[in-house]
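Q: Once you've had a glance at the structure underneath, I'll fire off some questions.
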Amino acid sequence: MMAMGRRIALLGLGAVLGGCAAKQAPPIQHYALGMSRAEYRDYTGAKASPCDSEPRWFSDELTAVNGLLGRFVRETEHAQDPKSLDQPQHLALLEEGLRTLPPVLKVHEGNLKALQSCDFRRTGAFPDLAKLGAERVKEARGRLAMGPQVQAAAALREAQQKWREEAPAREEKARGTWCSKSPQVGQPDLYFARQSPDGHTEWLFCDGHVVDKTGDGEPTLLSPQGISKAERRRVQPKKYLDAARGYPTEEMDREPTSVPAPASEAASATEG
């Protein structure tokens, strides 16, 4: 009976210690960013302290997240450089980080802060881990903070490329909308106007005439090839020039200069 009582007491003590251990060791979180992987524990979220954990485990967790953050910063370095061959991959990783990294940064920063209360904070690799971790968090937050601007620049370049590629289709659609099937030479029916990024402007007329203006120069009327002398006599340049001057500038076909800013997690990335 005495032996049985001792075993029951030991089992009871084990249950108590097991309960304490469960509180002290939050579940492992698995995180992936691009090709990087890391495992960590959210001690603050679980109202636990890493000081009560196995130091070796805690060291491994800090090392893993520090390494992931370092790779993230390196592999997003060219996200805003359209001349770099790595730009598409770096931009994609930055966008992924904007969506998923802020909560991990918050946990990692909390773990680094909690480390300062641990008796083992000055032992082994912990001093270096703490210093490197602070640097990595700062670098990652800085990279996330510039994310929306990088995304907007990339979106603008894409919109400008699309504008150039679709220019012939827009012109043809306008011609089909505003011009008759058999336009008469000498009728200044203006159907389309475009302004290039360099300031060159063209006003296109259904009969093939074009009013051309470069920079601050005076607009000039250009006649299409192949018109007869009789047709030329019907052309009154002033009417074409007046039509061009009266065309609403806001309706001109222009290269986009801005795009709506993409939604992101940047605000949460810079908290704290």
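Q: Looking at segment 31-46 only, could you name the residues that are in contact (Cβ under 8 Å) with a residue 60 or more places away in the chain and hydroxyl-bearing (S, T, Y)?
A: Y31, Y40, Y43, T44, listed by residue number.
Q: Determine whether P127 is open to solvent by 10 Å² or more (accessible area, probe 1.4 Å), part of a helix (DSSP H, G or I) and either under 17 Å from Y43 (Cα atoms) or out of contact with any strand residue (DSSP E or B) (no Cβ under 7 Å at 6 or more places or on another chain) (or both).
A: In short, yes.
Q: Just one of (1) in contact (Cβ under 8 Å) with a residue 24 or more places away in the chain; (2) in a loop (DSSP other than H, G, I, E, B); (3) not polar (S, T, N, Q) trips up D81, so point out which.
A: Answer for D81: the failing condition is (1).
Q: Keeping to segment 1-56, report how many residues are among the basic types (K, R), modelled with pLDDT of 90 or more and under 23 Å from D119 (Cβ atoms).
A: Total satisfying the criteria: 3.
Q: Quickly run through segment 172-212 and pick out the residues that are among the basic types (K, R), out of contact with any Phe, Trp or Tyr (no Cβ under 8 Å at 6 or more places or on another chain) and either part of a loop (DSSP other than H, G, I, E, B) or within 29 Å of A230 (Cβ to Cβ) (or both).
A: Selection gives K181 alone.
Q: Return the residue satisfying two criteria in turn: it lies in segment 130-145 and is of a type outside the set (D, E) and surrounded by fewer than 16 Cβ atoms within 10 Å (Cβ to Cβ), and of such residues it is nearest to the chain's Cα centre (by Cα).
A: Of everything passing the filter in segment 130-145, A145 is nearest to the chain's Cα centre (by Cα).
Q: While we're on this one: What residue, among those in segment 43-78 that are open to solvent by 50 Å² or more (accessible area, probe 1.4 Å) and outside any helix (DSSP H, G or I), is farthest from Q29 (Cα to Cα)?
A: That would be H78.
Q: Picking from P88, P148, P82, which residue would you name as being in contact with a Ser or Thr (Cβ under 7 Å, 6 or more places away or on another chain), open to solvent by 20 Å² or more (accessible area, probe 1.4 Å) and modelled with pLDDT under 95?
A: P148
Q: Being among the polar types (S, T, N, Q) and assigned to a strand (DSSP E or B) is the filter here; which residues of segment 213-250 pass it?
A: Answer for segment 213-250, where residues must be among the polar types (S, T, N, Q) and assigned to a strand (DSSP E or B): just T220.
Q: Kindly establish whether A169 is loosely packed, with under 14 Cβ neighbours inside 10 Å, at pLDDT 95 or above and over 30 Å from V104 (Cα atoms).
A: When the stated conditions are applied, A169 passes them.
Q: Contact list please: Cβ distance under 8 Å, first residue in segment 179-190 and without any contact (Cβ under 8 Å) to a residue 12 or more places away in the chain, second residue open to solvent by 40 Å² or more (accessible area, probe 1.4 Å), pairs at least six apart or on different chains.
A: Close Cβ pairs (under 8 Å, with a partner that is open to solvent by 40 Å² or more (accessible area, probe 1.4 Å)) do not exist here.
Q: Take Q149 and decide whether it is part of a helix (DSSP H, G or I) and either of a type outside the set (F, W, Y) or within 24 Å of P27 (Cα to Cα) (or both).
A: Against the criterion (part of a helix (DSSP H, G or I) and either of a type outside the set (F, W, Y) or within 24 Å of P27 (Cα to Cα) (or both)), Q149 qualifies.
The values are calculated or read from the model by the stated rules, or taken from the named source; none is laboratory data. All values reported here derive from a predicted model rather than from experimental measurement. All Cβ positions, even for glycine, are placed from backbone atoms using ideal geometry, and neighbour counts span all protein chains on display. Accessible surface areas use protein heavy atoms only, side chains included; no ligands, DNA or RNA. Shrake-Rupley method; radii C 1.70, N 1.55, O 1.52, S 1.80 Å.
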